[in-house]
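The values are calculated or read from the model by the stated rules, or taken from the named source; none is laboratory data. Since the structure is predicted, the reported quantities are computational estimates derived from the model, not experimental observations. We place every Cβ from the backbone using ideal geometry, glycine too, and count neighbours over all the protein chains shown. Remember, those area values only see protein heavy atoms, side chains included, never the ligands or the DNA or RNA. Shrake-Rupley method; radii C 1.70, N 1.55, O 1.52, S 1.80 Å.
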Amino acid sequence: TCQKCARAGGKDSDIENVGRTPRHHTFFEMLGNFSFGDYFKKEIIPWAWDFVTNYLELDKDRLWITVFENDDEAFEIWESVGVSKDRILRKGKKDNFWGPPGASGPCGPCSEIHYDLGEHLACSDDCSIATCECDRWVEIWNLVFMQLFQDEDGNQKPLEKKNVDTGMGLERIAMVCQGVESTFETDLLRPILDKVCELSGKEYKKDEKTDVSLRIITDHARCVSFMIADGILPSNEGRGYVLRMILRRALRHGFLLGLELPFMQAIVEKVFEIYGSVYPELIENKQKILEKIKIEEEKFKQTLQKGWGHIESLIADLKKENKTQISGENAFKLYDTYGFPLDLTQMILRDKNIDVDVAGFEKSM
């Protein structure tokens with residue numbers, strides 16, 4: 001299967017990493033294959049190895065395997081398909097065990113396939129997949145073996161019917177197959193990124209701060225397009241709030257790049273161009289997507305215009321008093337009266353070397 005996934009909240013949220021790393025996204029496509037009481041480890045491990053080495057033709061010398069620390073069965077099967085012992089690492093529950101999804105439910109050990117992007121990305125002289133989570137190493141496929149049931153007291157017993165659930169991020173595998181070091185440089189995302197560069201007059205890979213904004217707009221434009229196509233609309237609660245939050249985050253970074261609102265239409269058109277033939281719901285809902293985004297852009301523009309004068313006068317007052325922190329009360333007024341979320345205030349003030357009394361803001365809140 002290939003599943004559309006939007007993830008921007010909850011314990012597994014990566015939103016703060018989006019744009020700041022080479023491969024975090026609010027929207028991604030998850031490739032997977034599944035078995036419910038049918039094939040299990042002795043079938044899926046050879047199939048997975050065959051797929052990545054013979055079909056995708058990935059260099060075996062760049063592939064590493066991690067298994068759950070006491071999963072001897074998986075270790076032996078990986079060895080039997082030709083992976084040398086020194087390339088199979090045992091890891092603990094935090095890294096190589098999945099579930100249960102709630103207080104109780106199915107769970108089990110994982111085997112992950114990792115790819116070495118190259119020594120030039122090493123974080124130190126002793127950079128190793130055993131100890132590092134740096135950009136050199138990328139997990140491309142997670143094979144989850146749900147073989148246990150865990151009750152609410154943490155007791156585990158074998159499942160009568162064992163299951164396989166695998167997950168391979170399309171963006172990550174495209175990055176590896178296309179020989180680039182970031183998912184943003186794949187043919188899935190680079191054309192969108194290039195359009196943001198064109199509109200903003202910025203060149204990619206010239207300034208890291210600018211690059212973060214370019215990547216955030218690229219990622220978020222794709223995410224909000226798919227969310228609206230799936231029937232989610234901007235609102236102040238639930239999924240609609242998540243959509244509004246992601247879109248406004250993109251708009252704030254456009255503001256930082258000097259883009260004049262509204263600016264998203266040309267970027268979203270690139271999303272249609274790349275994904276429309278695969279996901280026809282994007283084309284079917286094209287006008288609705290463009291219209292809803294434009295309405296949100298106009299609202300955000302009004303928010304900026306209302307609050308901008310006030311924030312400039314606050315900055316002027318701080319300079320007169322030789323202070324470098326805005327009070328929590330003033331930050332709250334920007335939020336309550338002018339609609340400036342705290343992170344927007346922080347983003348604007350950071351450029352002026354002014355910080356915010358966050359504890360004071362939270363107290364006012």
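Does K162 count as open to solvent by 70 Å² or more (accessible area, probe 1.4 Å) and touching a residue at least 40 places away in the same chain (Cβ under 8 Å)? In short, yes. Of the residues making up the range 163-173, at least one is closer than 23 Å to A74 by Cα, hydroxyl-bearing (S, T, Y) and at pLDDT 95 or above.
So which helices (runs of 4 or more DSSP H) are wholly in the range 7-99 and hold at least 3 residues that are open to solvent by less than 80 Å² (accessible area, probe 1.4 Å) and modelled with pLDDT of 95 or more?
41-50, 72-80
Looking only at residues of the range 110-136 that are among the acidic types (D, E) and at pLDDT 85 or above, we find that the one that is surrounded by the fewest Cβ atoms within 10 Å (Cβ to Cβ) is D116. In the set T303, T345, only one residue is surrounded by 14 or more Cβ atoms within 10 Å (Cβ to Cβ), in a helix (DSSP H, G or I) and touching a Leu at 6+ places or on another chain (Cβ under 7 Å); that residue is T345.
Candidates in the range 263-286 are the residues that are without any contact (Cβ under 8 Å) to a residue 12 or more places away in the chain and over 23 Å from the mean Cα position of the chain (by Cα); of these, the one that is most open to solvent (accessible area, probe 1.4 Å) is S277.
Within the range 306-331, the residues that satisfy the criterion of being part of a helix (DSSP H, G or I), open to solvent by 40 Å² or more (accessible area, probe 1.4 Å) and more than 29 Å from I232 (Cα to Cα) are W308, G309, E312, S313, A316, D317, K319, K320, E329, N330.
Only residues that are of a type in the set (S, T, Y) and free of Cβ contacts under 8 Å to residues at least 12 places away in the same chain were counted in the range 39-72, giving 2.
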